[in-house]
Amino acid sequence: MSAMLEVKNIHCAYDAVPVIHGISLEVNEGELVAIIGANGAGKSTTMRTIAGLMHPVSGTISFMGEDISKTPASAAIKKGLSYVPEGRRLFSKLTVRENLELGAFATKDRKVIDERLEEMYELFPILKDRRDQTAETMSGGEQQMCAIARGLMSKPKLILLDELSLGLQPSLVERVFETVIEINKRGVTILLVEQMVQEALEIAKRGYVIQTGTIVYSGTSQELLCSEEVRKAYMGM
Ligand SMILES: Nc1ncnc2c1ncn2[C@@H]1O[C@H](COP(=O)(O)OP(=O)(O)OP(=O)(O)O)[C@@H](O)[C@H]1O
Ligand SMILES: [Mg+2]
């Protein structure tokens, strides 16, 4: 059986400047996989390309057996692929509830939307308390919860999480990651990108290390955590 997500030898560029030079990776149904790497390595570009916000210059991306290399993000969401971008990107003047409802834009059924809202409020009780508050008035951690919940409102099969830890204090990072594990347990397949290498590998089953647009190491989290090269390059050891 083929993987849920198969990225094969993609090359990506901004204008004519190449930044991803032949990346291949796979995510199987039910897995929690991490992509790690330094600033500017190409993690977000890879995620945006998988999500359909940009398209690879060459190479293919398939999701649930279907080629989505040229599928726009709005259509990819409907197929069950959701993306939580780096930096949260909430609508700051909209309330928490309005932000969440935007995540379910493909659904018109009010009852379904309300059920999903309830599910999100159960998963993130803080969002229930803050549902009528505008996004901009929430703390960084609360905004990150809201961004994840918005990404889940489309009921994805696979969710791409880009640098959830950005700008959060360590105790909050831990809480956000606990929620990621919980989401995975509920059956959502996860591909996440992180600069917090140790923490990411502690929750993921497998990982890929990106360096200047190529994958330089891959393996189980245990293998990567034990690798001297990875420890030296990414964990300051
Ligand atoms: N919109 C853009 N236009 C032009 N170049 C870009 C654009 N976005 C990213 N790049 C370049 O592409 C390369 C990869 O960037 P990318 O954002 O994918 O890295 P990253 O691994 O996500 O980094 P970070 O950890 O800082 O988020 C970098 O050299 C970056 O300068
Ligand atoms: Mg990035």
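The values are calculated or read from the model by the stated rules, or taken from the named source; none is laboratory data. Everything numeric here is computed off the predicted structure, so don't read it as measured data. All Cβ positions, glycine included, derive from the backbone under ideal geometry; neighbour counts span all protein chains shown. The area values use the complete protein model at the heavy-atom level, side chains included, leaving out ligands, DNA and RNA. Shrake-Rupley method; radii C 1.70, N 1.55, O 1.52, S 1.80 Å.
Summary table
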| read-out | value |
| --- | --- |
| Reach of Lys111 by Cα under 16 Å, taken over aspartates and glutamates that are not fewer than 8 positions away in the same chain | Glu98, Glu101, Glu119 |
| For the chain, convex hull volume per residue from C-alpha positions, Å³ | 123 Å³ |
| Cα long-axis angle, helix 110-123 against the chain (0 to 90 degrees, to the nearest 10) | 70 degrees |
| Exposure of Asp114 as accessible area (Å², to 10), given a probe of 1.4 Å and all protein chains | 70 Å² |
| Net length gained if the chain between Val17 and Glu66 were fully extended (0.36 nm per residue, minus Cα distance) | 14.8 nm |
| Under the Karplus curve 6.51 cos²θ - 1.76 cosθ + 1.60, θ = phi - 60°, whole-Hz ³J(HN,Hα) for region 151-160, x wherever Gly or Pro sits | x, 8, 5, 8, 6, x, 8, 10, 10, 9 |
| Separation of the Ser74 and Val112 label points, Cα + 7 Å toward Cβ, nm | 1.8 nm |
| Within straight-line cross-link reach of Lys157, aspartates and glutamates at Cα separation under 12 Å, skipping those fewer than 8 residues along the same chain | Glu29, Glu31 |
| Inter-label distance for Glu122 and Thr220, nm, one decimal - labels placed 7 Å from Cα along Cα-to-Cβ | 3.3 nm |
| Simple label model, 7 Å out from Cα along Cβ direction - Leu102 to Val57, nm | 3.2 nm |
| Rounded percent of accessible protein surface that carbon and sulfur make up, the chain, 1.4 Å probe | 51 percent |
| Dipole moment magnitude, nearest 20 debye, region 1-118 about Cα centre, only Lys, Arg, Asp, Glu C-beta charged | 400 debye |
| Mean accessible surface per residue for region 22-110, computed with a 1.4 Å probe while every protein chain stays in place, in Å² | 44 Å² |
